[in-house]
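So the structure is just underneath, and the comments pick up after that.
What follows draws every value from the coordinates through simple rules; no lab data is involved. Every value quoted in this text rests on a predicted model; they were computed, and no experiment measured them. Quick reminder, even Gly has a Cβ in these numbers, built from the backbone with ideal geometry, and neighbours come from all protein chains shown.
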Amino acid sequence: MASVLDVQSLSVEFQVNGRYLPAVTNVSLTIEQGETLGLVGESGCGKSVTSLAITRLLSKTARVNGKVLFSGPDPAQRNPVPSSGPEEVSARNVRERELLTVRDKDMQDIRGNEISMIFQEPMTSLNPVYKIGSQISETLLLHQNISPRQAFSQSLEMLKKVGISRPEQIMHQYPHQLSGGMRQRVMIAIAMACNPRLLIADEPTTALDVTIQAQILELMKGITRDFGTSLLLITHDLGVVAEMCNRVAVMYAGEIVEQGSVDEVFFNAKHPYTVGLMNAIPKFDATSKERLQPIEGNVPSIARMPKGCRFAPRCPHVMKQCVEQHPDLFEVENGHQSRCWLSVEGEA
Amino acid sequence: MASVLLEVEELKKYFPSGGGFLERSTGSVRAVDGISLKVYEGETLGIVGESGCGKSTLGRSILRLIEPTSGRVTFHGTDILKLRKSAMRDMRKEMQIVFQDPYASLNPRYTISQTLMEPMEIHQLYNHASRKQRVQSILERVGLDPSYASRFPHEFSGGQRQRIGIARALVLNPKLIILDEPVAALDVSVQSQVINLLEDLQADFGLTYIFVAHDLSVVKHISNRVLVMYLGKMAELASSDDLFFRPLHPYTRALLSAVPIPNPRVKRERIILSGDIPSPVNPPSGCVFHTRCPIAKDVCRQQVPEWRELRREHFVACHFAEDVDVETNSLPLGRR
């Protein structure tokens, strides 16, 4: 079966002062059914822009190239009753579509229905003047042929599934009456209401406290497992990646620099940037106080991207070739790729 | 052991709450509710807790940037809460603060040189020429090119701005620096640069730090001792190693187990606390943590736990800290 999401050579450029600047360059990634892919990188590396390009939520000033293949249920044969198990999802008649070229109307049908998103700040993504119940129902009414009454009872079910206590009361409350963790649960309820094939979560726990983050991560794990949903998890926290993901793609300056299974990338990191990131974070389980090894320098500005490898100016292993020639994403091992000239020699 | 530089006794800060324009306030938010601690010369005391636990208010109350409601803060033998405004201003030469947001804490219309000169002008230290020279040397010391002095904050990245914030705190040669989430707004690669810088400066200038943060890995890395706060109160205080490897308070334990560890092969038993942090306007009776505590019993609802030294230099406020200590490896999750 085809991957749920197959992004091929996605590039995004923004027009700034009459000039197009590259925010995302040549990003390719796939997500299989039920899989969680982590997209990590520091601020400005293009991870959020990638997700917005996939869902076509970027403004018109952005120039998007490449292909985003999404295989979702064939609209012609969609079951009107929402299914709730992984086997039913795979049994649906699946059709592949290229999201960058489908009509706006079709894209609206896909968003919130087959692909849904959760953002970092739950307060800004919920509407402050509507009650929680009607915000979940809205999604259901928009995408499914059901009555408001049915939508209401399904919304209530969703609130129960995301572990909200007193769901009957919460249905009639406004976002400002809820805590940050509860709001994020409501966002997850809205996102999962139509049982999407793909959930994109952009820093879903960054604004939350650790103990609340633990609750939400646990919830997302359970939900993706029970519903068989694929998850694209965007984060800057390597701890969250280690905990949640099957595979991980590391982004730097608009490009994927390393990609592979979580185990491979954490224990056999090939790209100097990935290695640098791992060494830069304080080890929580370390007994001795080791000095941190920071990555010197700063991320290059997108207006002045280095010609060769974009990490070359900060790389401890920089060679002549790195400055002159831009490296491809080389296969290190099966499914493990690294955008570094050293990775080529390692293989040879 | 080194001498005590700062001693905080029964410090409280209550903010009025409720009410509104022309209305009486109806209650108070107990942001800091009876904190007592000592800070030793040359050490780094970490203060951790979740949002709203009062850790930042505590830091600011110590400097009297927020006027505490009651309590005592003794710095170098002087009770600074009794000082008058001008004497307090003099005292602040010795105690400086670095804020979280390097974007909001620098005046956008001042050049870096103006920002760094201002403290010396206020305190009338040095003449103009040596002030200038001092700016140059401090900039160099925090890893910035001295030629940047004539630039404005918007010309710098977040990490560079935080270096400027640190330089501003250093310029008066203080003894104590309160670091309020100094690396929270920075990316990982830059965060470690700033942490290393802070460690170097501490060694070179003999500084004492109070490091307020929510990121436990960072606090563990930088602190000698750590205080865990919950809802304005002290939950646990111990040396960094004791606290992280042998926690005695169920909240500390849950907090530690909640931190995602960047190692996919480590499988830990996670203690998931149910519910949210209660409102500090109306804190729970007895132990403030009992509403979320996995081992709470009746006594926890009724009696405020005593602050006691269960092991040497390891303080905790929990009725059942001994039980926690015994069951270091697993807490019964089902019990409430």
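Taking only the alpha carbons of the range A:5-245, what extent do you get along each of the three principal axes, in Å, biggest first?
Rounded to whole Å, the extents work out to 52, 43, 34 Å.
Along the positive direction of the dipole of the protein assembly as shown (beta-carbon charges: Lys, Arg +1; Asp, Glu -1; about the Cα centre), which of B:V266, A:P175, A:I256 reaches farthest?
Going by the Cα projections, it comes out as A:P175.
Would you mind working out the magnitude of the charge dipole of chain A relative to its Cα centre, with +1 at each Lys and Arg C-beta and -1 at each Asp and Glu C-beta, to the nearest 20 Debye?
That gives a dipole near 980 debye.
Which trypsin sites (Lys or Arg not before Pro) in the range A:1-60 pass both tests, a DSSP loop state and at most 14 other beta-carbon atoms within 10 Å?
Taking the range A:1-60 and a limit of 14 other Cβ atoms within 10 Å, the loop trypsin sites (Lys or Arg not before Pro) found are A:K60.
Taking the dipole about the Cα centre of the protein assembly as shown, with the C-beta of Lys and Arg at +1 and of Asp and Glu at -1, give me whichever of A:I216, A:F119, A:I31 is farthest to the positive side.
Value computed over the given set: A:F119.
What is the Cα radius of gyration of chain B over 2.2 N^0.38 Å, N being its residue count?
Cα-based Rg divided by the globular estimate yields 1.06.
Counting only complete DSSP H runs, which helices of chain B cover 15 Å or more along their long axis at the Cα atoms and score a mean Kyte-Doolittle of -1.0 or above?
Taking the DSSP H segments of chain B (at least 15 Å long, mean hydropathy at least -1.0), we get B:112-122, B:158-170, B:188-205.
Provide Rg and Dmax in Å for the protein assembly as shown, with only Cα atoms included in the calculation.
When restricted to Cα atoms, the protein assembly as shown yields Rg and Dmax of 26.7, 82 Å.
What is the order of A:T235, A:T61, fewest Cβ neighbours within 10 Å to most?
In order of increasing Cβ crowding within 10 Å: A:T61, A:T235.
Over the Cα atoms of the range B:190-330, Rg to Rh with Kirkwood Rh, two decimal places?
Using only Cα positions, Rg/Rh for the range B:190-330 is 1.00.
Quick one: the Cα spread of the range B:140-211 along its three principal axes, in angstroms, biggest first?
31, 26, 17
Quick one: angle between helix A:132-143 and the longest Cα principal axis of chain A, in degrees between 0 and 90, rounded to 10, please.
Once rounded, the angle reads 80 degrees.
Rounded to the nearest 500, what is the protein assembly as shown's calculated 222 nm mean residue ellipticity when only DSSP H runs of at least 4 contribute -39500 (n - 2.57) each, over all residues?
After summing the helix terms and dividing by residue count, I get -9000 deg cm²/dmol.
Using a Förster distance of 30 Å, how high is the FRET efficiency between A:Q150 and A:D104, based on the Cβ-Cβ distance and rounded to 0.05?
Efficiency for this residue pair is about 0.60.
If a paramagnetic tag sat 7 Å from the Cα of B:D101 along the Cα-Cβ line, which residues of the range B:204-220 would have the backbone N under 20 Å from that point?
So the set is B:212-215.
In Å and from the alpha-carbon atoms only, list the Rg and Dmax of the range A:215-348.
Both quantities, over Cα of the range A:215-348: 16.4, 51 Å.
Please report the spacing between the Cα centers of the range A:1-43 and the range B:194-216 in Å, no decimals.
Cα centroid to Cα centroid, the span is 38 Å.
I'd like the distance separating the alpha-carbon centroids of the range B:98-128 and the range A:140-194, in whole Å.
Here the answer is 49 Å between Cα centres.
Between A:L142 and B:R151, what is the spin-label point distance in nm, taking each point 7 Å from the Cα along the Cα→C-beta axis?
Taking the simple label geometry, A:L142 and B:R151 are separated by 4.3 nm.
Along the positive direction of the dipole of the range A:5-245 (beta-carbon charges: Lys, Arg +1; Asp, Glu -1; about the Cα centre), which of A:T139, A:S43, A:G72 reaches farthest?
A:T139
Evaluate the range B:249-336: find the radius of gyration of its Cα atoms, find its Kirkwood radius, and give the ratio Rg to Rh.
Ratio of gyration radius to Kirkwood radius: 0.98.
Quick one: work out the % antiparallel among DSSP beta bridges in the protein assembly as shown, nearest 5.
Bridges in the protein assembly as shown are about 65 percent antiparallel.
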